[in-house]
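J.: Dumping the structure here so I can ask a few things about it.
The values are calculated or read from the model by the stated rules, or taken from the named source; none is laboratory data. Everything numeric here is computed off the predicted structure, so don't read it as measured data. Positions of Cβ are backbone-derived with ideal geometry, glycine not excepted, and every protein chain shown enters the neighbour counts. Note: accessible area is taken over every heavy atom of the protein model, side chains too, but ligands, DNA and RNA are not part of it. Shrake-Rupley method; radii C 1.70, N 1.55, O 1.52, S 1.80 Å.
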Amino acid sequence: RGAIKTNSTTFGALVTAVYLDATFKEKVKEVIIRNKIDLVNKVLDPTTKYIIDGNITLLTGEYIEIPSGGLDIGGYGFDVSSIRKNVSGQSIFTSPVGGSGNFVSSNIAYYPGTGLVFNVTDSDGSHAIELNDVNFQGVTGSSIGSLNGYRQFTGTTCGLYNLSDGLTLEGNWSGFKLTNSNIIGFGSTGTLFKKGTSLVFSNRFYVDLNLQ
């Protein structure tokens, strides 16, 4: 809580102290996550920004569900904040029945192990994926996974490292843009961006990448 304070009794006019009901942090509803119990296999609040403090590891059957109202999840930097899972064929993120909303993520790393990061479907085709300063750190068998029917994808300053396979796009999309990003150690038999059987683009697909 806050107030305007002064040692002066008057400035020649009435001085009114202003009291706030909540700090800025309280207004944006940031929640610090240090334990996966607050994150996995539960309905998350679309109006809350979830900040990962440390490394969270998911096990078999544990998922982070992107609700229909959307999800904002980030960290303090990809070297100190991460979400990890190492279960073949399983994703970190999934959708509820009826689909997901917007997904925003920044300053964090995802480690899919021998599984994948996304298995997500838009609820109605009007939503977006936005990634800023996000790393995907893989091993043999790792994949980014599948995104289905989102309006657009925007990624900036992302890193895709040592992945065996990339991202499959399904459904109707307007646009896709990934810029100022690194692709290093990608699998020789993988496909970085894969066209799903139902994929249709109504606008541009644009990438600006450093490939090694």
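J.: Select, from 97, 80, the only residue that is farther than 26 Å from residue 173 by Cβ and either touching a Ser or Thr at 6+ places or on another chain (Cβ under 9 Å) or open to solvent by 50 Å² or more (accessible area, probe 1.4 Å) (or both). Before the answer, list the steps.
T.: Values: 97 fails: farther than 26 Å from residue 173 by Cβ.
Going through 97, 80 in turn, just one is farther than 26 Å from residue 173 by Cβ and either touching a Ser or Thr at 6+ places or on another chain (Cβ under 9 Å) or open to solvent by 50 Å² or more (accessible area, probe 1.4 Å) (or both): 80.
J.: Here's a follow-up. Looking at the range 151-204, which of its residues are within 17 Å of residue 91 (Cβ to Cβ), among the hydroxyl-bearing types (Ser, Thr, Tyr) and out of contact with any Lys or Arg (no Cβ under 7 Å at 6 or more places or on another chain)?
T.: 164 - this is the single residue of the range 151-204 that is within 17 Å of residue 91 (Cβ to Cβ), among the hydroxyl-bearing types (Ser, Thr, Tyr) and out of contact with any Lys or Arg (no Cβ under 7 Å at 6 or more places or on another chain).
J.: Go through the residues of the range 67-80 one by one and say whether even a single one is in contact with a strand residue (DSSP E or B) (Cβ under 8 Å, 6 or more places away or on another chain), touching a residue at least 12 places away in the same chain (Cβ under 8 Å), polar (S, T, N, Q) and in a loop (DSSP other than H, G, I, E, B). Spell out the reasoning first.
T.: To start, the set of residues in the range 67-80 that are in contact with a strand residue (DSSP E or B) (Cβ under 8 Å, 6 or more places away or on another chain) comprises 67-68, 70-80.
Restricting the remaining residues to those that are touching a residue at least 12 places away in the same chain (Cβ under 8 Å) gives 67-68, 70-80.
Pick out the ones that are also polar (S, T, N, Q) and you get 68.
Next cut, in a loop (DSSP other than H, G, I, E, B) only: 68.
The answer is yes; a qualifying residue exists.
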